[in-house]
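Down below is the structure, laid out as structure tokens.
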Amino acid sequence: MHIVVVGAGIIGTSTAWYLAERGHRVSVVERQADAALETSFANAGQISVSHCEPWANRDAPLKALQWMFSKEAPLLFRPQWPVGEGWQQYRWSLRFLAECNDAAFHRNVGHIVALGAYSHAALQDLVRQTGIDYHRLERGISHFFATQAAFDGACELARLMQQFGVQREVISTAELLRLEPSLAPFGERIVGATFTASDESGDACVFTQALARECAARGVEFLFSHRLERLEVTGATVRGVGVRPLANEGATEGASAGGSVRWLAADAVVVACGSYSAPLLRRVGVDLPIYPGKGYSATFPILRPERAPSVSVIDDSRKIAITRLGDQIRVAGTIEVGGYDLGLDSAVSQARCQMLARRVEEIWPGMCDTRLPHVGGHPQFWAGLRPATPTNIPFIGQTPVRGLWVNAGHGTLGWTHGAGSGKALAARMDGENPITGFPFFGA
């Protein structure tokens, strides 16, 4: 078959790889000038199979209300004008609230862990096959807590995760400092921690761009700097897509188009363009509850390598992740549910960026330079839209439109679930059922 994949982030590129591996002819349409320049560009870097709790839980509604007036809140709901696209925020929020109970939480954890385990195995096989180097560290992920109440809750959650086969270990502060000595200056403020040795970390952007080159070497066609003009559907069957080159490479949705529309006939189309998947699919009558959660990150050069962590860590009090990527530190976190804005100039955005920099200095004083406006050609501060579903379970599968497939809605776990989501969708498109018990869309 000739299959068109819309989107060249970690999800779309992984999908293209596995489809090509199965012998399909694949074209990838991407509005940016290269792969992984949007949601996959500067995330936290964690392959966190064991740290996959859904956002929706019994405590989430009250916490969200308490956090609404804090610019630095881990989860910040910013109400939009409830008409047009803004109405989607309220629809999504009602579905999210319906998931905020123990039964739904346990069910969703099981599905997310199953996809995570499958995806981790797929990533490991893919790295062995291709030899891609992406600042990989196989030293686990630790999660530390600053209050006894938070640590007690973590112990309970660790027991739940162990029921799903995740070996999340509860450890003392002393044990944490033996695993990661760089935390010693901050140790007196840590009550306890959890640790999962099987988790790892690495640069999602570096990996995805390298995988795109591997795909191209296998014959996958990448149409970078091309905007999708239309999904052609007739008789409830997708026939192909119309794409147009952008006048300015790397420009996004509002950019002016350059050349004429090019028609790509296709036997199947896969929509894998993150938060933008939902409005695109609504054009052809497919309505999915995917809504953007704006996440922030900062990337700093390491000045004192002896003070830098080698274990990727999660700071529970700020709900942020800190990962070493070569000679840089990436700190990322917070969720802002407030539409498709990617700006960094508002008071809220400035406060969230400053919190990331300040927290790095508090935990590892003098370890890195938080003052530079740019690092290695990359923006020091960055924001990306995490395509969130109310359950945190992505939509992977066949839509009601014949030949139209979706691979989107991975929230904060796109890097963790990337390889497996691509592999699973390719298998589904060939009529297979690769993950027993996972709720594939359209199954």
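Brief remarks follow.
- Contour excess over end-to-end distance, with Cα ends at Arg307 and Tyr340 and 0.36 nm allotted per residue: 8.2 nm
- The relative contact order of the chain comes to 27 percent, based on Cα pairs under 8 Å that sit 6 or more residues apart.
- The simple Förster model, with R0 at 22 Å and r as the Cβ-Cβ distance, assigns Gln167 and Leu97 a FRET efficiency of 0.10.
- Extension reserve of the Trp67-His106 stretch, reckoned as 0.36 nm per residue once the Cα distance is removed: 11.6 nm
- Enclosed volume per residue, in Å³, of the convex hull spanned by Cα atoms of segment 312-355: 97
- When you work out D = kT/(6 pi eta Rh) for the chain at 10 °C and 1.306 mPa s, using the Kirkwood radius from C-alpha pairs as Rh and the Stokes-Einstein form, the result is 72 µm²/s.
- Neighbour net charge for Val241 - beta-carbon separation under 14 angstrom, K R +1, D E -1: +2
- Radius of gyration and maximum dimension Dmax of segment 20-138, Cα, Å: 18.9, 53
- For the chain: lysine pairs under 15 Å (alpha-carbon distance), excluding those fewer than 8 apart on one chain: 5
- If R0 is taken as 45 Å, the Cβ-Cβ distance between Arg25 and Arg159 corresponds to a FRET efficiency of 0.40.
- Calculated SAXS-style log₁₀ I(q)/I(0) at q = 0.14, 0.25, 0.26, 0.27 Å⁻¹ - segment 1-47, Debye, Cα scatterers: -0.35, -0.86, -0.90, -0.94
- For GluC sites (Glu not before Pro), the sites in segment 80-144 that DSSP calls loop and that have at most 14 other Cβ atoms within 10 Å are Glu85, Glu138.
- Expected 222 nm ellipticity per residue - DSSP helices of 4 or more, -39500 (n - 2.57), all of the chain, to 500: -10000 deg cm²/dmol
- Length released on extending from Asp133 to Tyr90, taking residue separation times 0.36 nm less the Cα-Cα span: 11.3 nm
- This ranking places Tyr90, Tyr291, Tyr276 by how few other beta-carbon atoms lie within 10 Å of each, fewest first, which gives Tyr90, Tyr276, Tyr291.
- Counting only the Cα atoms, segment 115-242 fills a convex hull of 207 Å³ per residue.
- Of the residues Val406, Val311, Val83, Val348, the one with the fewest other Cβ atoms within 10 Å heads the list, and the complete ranking is Val83, Val348, Val311, Val406.
- Distance between the modelled labels on Glu221 and Ala197, one decimal in nanometres: 4.9 nm (7 Å Cα→Cβ projection).
- Computed E for Trp263/Ala33 - FRET, C-beta separation, R0 22 angstrom, nearest 0.05: 0.45
- With neighbour counts taken as other beta-carbon atoms within 10 Å, the residues Asp316, Asp102 rank, fewest first, as Asp102, Asp316.
- Label-point separation, Asp287 to Asp430 (7 Å along Cα→Cβ), nm: 3.6
No lab work stands behind these numbers, since they all come straight from the coordinates. All of these numbers come straight from a predicted model, not from anything done at the bench. Neighbour counts are summed over all protein chains in view; Cβ atoms, including those assigned to glycine, are modelled from backbone coordinates with ideal geometry.
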